[in-house]
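Peer 1: Below is the structure I would like to discuss, written out as structure tokens.
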Amino acid sequence: MANALPNVAVIVGSNRRDSLNRKLAQALVKLGAGKFDAHFVRIDDLPLYNQDNEGSPPPEVLRYKSELARADGILIVTPEHDRSIPAVLKNAVDWGARPWGKSNWPGKVGFITGTSPGAIGTALAQQHLRSVMLGLGVTLLGGEAYISFKPNLVDDQGNITDESTRNFLQGFVDRFADLVGKLAPARATA
Ligand SMILES: Cc1cc2nc3c(=O)[nH]c(=O)nc-3n(C[C@H](O)[C@H](O)[C@H](O)COP(=O)(O)O)c2cc1C
């Protein structure tokens, strides 16, 4: 296990078939190739959180929580809905946090980014999400990566076509990989 790459769970905060954020997430995973092992964690099949069901959660929730439990790092790529966190993503955050004492979030390293066609590129959604995830004990990568989506920003092979955006995001991915790599061994032995 000494040379194993850190495990990163990728969460896309959209349940839309042609999600722009999923495209961006796929491109970010490509930028992280060889630096971490990424796997996409499904959230669109999670039921609406209900505390009554915490004692006997459905299989989708058990699958989701076990995928989070295995992860050293969390990459969240989210749209902005009505200037905040999309409901599908907040629902997934809540399931990850519960039941009390079984939260999957503390000690993970998180990188939050997102894209929208709008000028502020999900800034408000990301700010709200940062506040939530910090409260849940996630160590968040610093800096701000608000991506205003332009047509063909990501090509069919999952490459970011605009050089300055690609370099900008490569910097985030490299710092994220570095931080996950440093903190993952500590988490594994904690
Ligand atoms: C309910 C709803 C609310 C939205 N609110 C915002 C918003 O506050 N800011 C923004 O930039 N775009 C907003 N949009 C537009 C999204 O940025 C756009 O639909 C984008 O494609 C969503 O990302 P996705 O393709 O990954 O689902 C909203 C879209 C929906 C459906």
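Peer 1: Please state which one of Val180, Val154, Val138 is of a type in the set (A, V, I, L, M), within 19 Å of the chain's Cα centre (by Cα) and either over 24 Å from Ala97 (Cα atoms) or loosely packed, with under 14 Cβ neighbours inside 10 Å (or both).
Peer 2: Values: Val180 fails: either over 24 Å from Ala97 (Cα atoms) or loosely packed, with under 14 Cβ neighbours inside 10 Å (or both); Val138 fails: either over 24 Å from Ala97 (Cα atoms) or loosely packed, with under 14 Cβ neighbours inside 10 Å (or both).
Just a single option satisfies the conditions, and that option is Val154.
Peer 1: Related question: Of these, Ala119, Ala145, Ala177, which one is modelled with pLDDT under 95 and either within 22 Å of Glu80 (Cβ to Cβ) or away from the ligand (no atom under 12 Å from the Cβ) (or both)? Write out each step before concluding.
Peer 2: Numbers: Ala145 fails: modelled with pLDDT under 95; Ala177 fails: modelled with pLDDT under 95.
Of Ala119, Ala145, Ala177, the one residue that is modelled with pLDDT under 95 and either within 22 Å of Glu80 (Cβ to Cβ) or away from the ligand (no atom under 12 Å from the Cβ) (or both) is Ala119.
Peer 1: Here is a further query. With the condition kept exactly as written, say whether any residue in region 91-107 is open to solvent by less than 10 Å² (accessible area, probe 1.4 Å) and within 16 Å of the ligand (Cβ to nearest atom).
Peer 2: In the first step, residues of region 91-107 are kept if they are open to solvent by less than 10 Å² (accessible area, probe 1.4 Å); the result is 92-93, 95-96, 105.
Applying the additional criterion that residues be within 16 Å of the ligand (Cβ to nearest atom) yields 92.
Looking through region 91-107, at least one residue is open to solvent by less than 10 Å² (accessible area, probe 1.4 Å) and within 16 Å of the ligand (Cβ to nearest atom).
Peer 1: Please indicate, with yes or no, whether at least one residue in region 122-132 is open to solvent by 10 Å² or more (accessible area, probe 1.4 Å), touching a residue at least 40 places away in the same chain (Cβ under 8 Å) and assigned to a loop (DSSP other than H, G, I, E, B). Give the derivation first.
Peer 2: In the first step, residues of region 122-132 are kept if they are open to solvent by 10 Å² or more (accessible area, probe 1.4 Å); the result is 123-124, 127-128, 130-132.
Narrowing further to those that are touching a residue at least 40 places away in the same chain (Cβ under 8 Å): 123-124, 128, 132.
Narrowing the set further to residues that are assigned to a loop (DSSP other than H, G, I, E, B) leaves none.
Scanning region 122-132 turns up no residue that is open to solvent by 10 Å² or more (accessible area, probe 1.4 Å), touching a residue at least 40 places away in the same chain (Cβ under 8 Å) and assigned to a loop (DSSP other than H, G, I, E, B).
Peer 1: Is it the case that region 113-120 has a residue that's surrounded by fewer than 18 Cβ atoms within 10 Å (Cβ to Cβ), touching a Leu at 6+ places or on another chain (Cβ under 8 Å) and polar (S, T, N, Q)? Spell out the reasoning first.
Peer 2: First, the residues of region 113-120 that are surrounded by fewer than 18 Cβ atoms within 10 Å (Cβ to Cβ): 117-120.
Remaining after also requiring touching a Leu at 6+ places or on another chain (Cβ under 8 Å): 117.
Of the ones still in play, those that are also polar (S, T, N, Q) are none.
No, region 113-120 has no match at all.
Peer 1: I've got another one for you. Please return the ranges of helices (runs of 4 or more DSSP H) entirely within region 1-118 where 3 or more residues are among the charged types (D, E, K, R) and more than 11 Å from the chain's Cα centre (by Cα). Walk me through how you get there before you give the answer.
Peer 2: Numbers: elements: 20-31, 59-70, 87-97.
It comes to 59-70.
Peer 1: Still on this structure, I have one more. When you go through (1) within 24 Å of Val180 (Cα to Cα); (2) touching a helix residue (DSSP H, G or I) at 6+ places or on another chain (Cβ under 6 Å); (3) exposed (fewer than 15 other Cβ atoms within 10 Å of the Cβ) one by one for Arg83, which number turns out not to apply?
Peer 2: Among (1) within 24 Å of Val180 (Cα to Cα); (2) touching a helix residue (DSSP H, G or I) at 6+ places or on another chain (Cβ under 6 Å); (3) exposed (fewer than 15 other Cβ atoms within 10 Å of the Cβ), Arg83 violates only (1).
Peer 1: Moving on. Of all residues in region 21-50 being near the ligand (Cβ under 9 Å from one of its atoms) and surrounded by fewer than 22 Cβ atoms within 10 Å (Cβ to Cβ), which is nearest to Glu80 (Cα to Cα)?
Peer 2: So the residue we want is Arg22.
The values are calculated or read from the model by the stated rules, or taken from the named source; none is laboratory data. Remember, predicted model here, so these are calculated numbers, not experimental data. Cβ coordinates were reconstructed from backbone atoms using ideal geometry, including for glycine residues, and neighbour counts include every protein chain displayed. Only protein heavy atoms, including side chains, enter the accessible area calculation; ligands, DNA and RNA are left aside. Shrake-Rupley method; radii C 1.70, N 1.55, O 1.52, S 1.80 Å.
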